[in-house]
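We did not get these values from a lab; they are worked out from the coordinates using the rules stated. Fair warning: this is a prediction, and the values are worked out from it, not measured in the lab. Backbone-built Cβ (ideal geometry, glycine too); neighbour counts: all protein chains shown.
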Amino acid sequence: MAMNAHDFFSFLEQHIPNNLQEDWDNSGVQVVGELNEISKVAVFLEPTQKNIIDALAFGADCLISHHPLSMKAQFLSRKNSYTDIVRLLMKKGAWLYAAHTSLDSLPNGNAFWIGDACKLTDRKVLEPSEKENFVRFSFVKNHLSDEINEQIDISPFVHSVMCCENICHVFCFCEKEQEAQEFIMKILPNCAISYTKVAYPMYTAGLGEYGKLPRKYQREEFLSLLQNIFISQEKKIQYKICGKLPEQIETVAYCLGSGSDFAPLAFGKGADVFLTGDVKYHAAVACMENEQCIIDMGHFELEEEMMRRFTKELAAQVACEVRFFSGENPFSYSI
Ligand SMILES: [Zn+2]
């Protein structure tokens, strides 16, 4: 069971469009691979050395993490974990790909697993994104000399480049459509270029969600619901309750990861409770003051669950062996 690398990444790009990512993000290919056939895929939350080593020992040709290896390019001139990870991957020729905010804001994607698990109704995106369109230029790679590569690297409107086998895709921001087109034509004269305007999706993409439970839940009942929504029931999750949980809960809002900045938005939408990770002290004080409630369910816990679910869905859709690698929670608790 294997897939041609080009088909595999085209599938990923089609299902989790890179143009859904936030402007500050670096979703997509992190380390370009040499392997042209993908038969084993490893999925994890964090591209830690341990996860990379375990995934390569499994024989993964492509490794998919949620968090990017780095938000921006780094030199390989220092001995640090970034260099070590790049070396490990390059030795094997394996690919490292990140589905970060592109996955977070994918409509009906795995970032909305709490809504599925709690059977929320009237579901709406908490912060709809207003993204520019992207345009994609595709051409045959043997035209990509070092000189052309350099020009692409310094171009202000090129967002990312993805080369696989002999095809190269250059993604540009749509607001620069005309300039981008002229630039590509200029650096690649006499080259057959196919040009695709990546249409803005008809659905609403964005971060977080809010909706109603099928009925009103009593406080304790709601807390036990939250314990039972995880696929893995190996151990109880430790939640931090910020402010006071109302007696009855009906409208629930959530945003995985560090979403506490979205709390005011959630309460503005009528949420009885807001679920997220990484809640800071002052956000918790604001909850007390305003008689609101945020439950910090843990950045790690919420997003590991998302990637676990992502793995199951991916395995059902691609002709590869797909395995989830559970990471280590960087937080431990002591009394
Ligand atoms: Zn995260």
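A few comments on the model shown:
- When Glu182, Glu250 are sorted by how many other C-beta atoms sit within 10 angstrom of their C-beta, beginning with the fewest, the order is Glu182, Glu250.
- Cα gyration tensor of the chain - equivalent ellipsoid semi-axes, whole Å, descending: 38, 23, 18
- The chymotrypsin sites (Phe, Trp or Tyr not before Pro) found in segment 23-81 that occupy coil by DSSP, while having at most 10 further C-beta atoms within 10 Å, are Trp24, Phe75.
- When the convex hull of its Cα atoms is viewed from all sides, segment 212-286 shows a mean projected area of 5.2 nm².
- For the chain, relative contact order (Cα pairs under 8 Å, six or more residues apart, normalised by length) works out to 20 percent.
- For the chain, the longest principal axis of the alpha carbon atoms and the long axis of helix 281-290 meet at an angle near 50°.
- Within a Gaussian network of the chain (alpha carbon springs, distance under 10 Å), most fluctuating of Lys50, Lys244, Lys91: Lys91
- Taking every alpha-carbon pair under 8 Å whose residues sit at least 6 apart, segment 3-102 reaches a relative contact order of 41 percent.
- Based on DSSP H segments of at least four residues, each scored -39500 (n - 2.57), the chain has a per-residue ellipticity at 222 nm of -9000 deg cm²/dmol.
- Cα gyration tensor category, rounded, prolate or oblate, for segment 53-99 with a/c compared to 1.5: oblate
- Evaluated over the Cα positions of segment 3-102, the convex hull gives a direction-averaged projected area, one quarter of its surface, of 6.0 nm².
- With the gyration tensor restricted to C-alpha atoms of segment 229-326, the semi-axes of the equivalent ellipsoid amount to 30, 13, 12 Å, longest first.
- Of all DSSP beta bridges in segment 3-102, antiparallel share, percent nearest 5: 40 percent
- Distance between the modelled labels on Ile53 and Ile241, one decimal in nanometres: 4.1 nm (7 Å Cα→Cβ projection).
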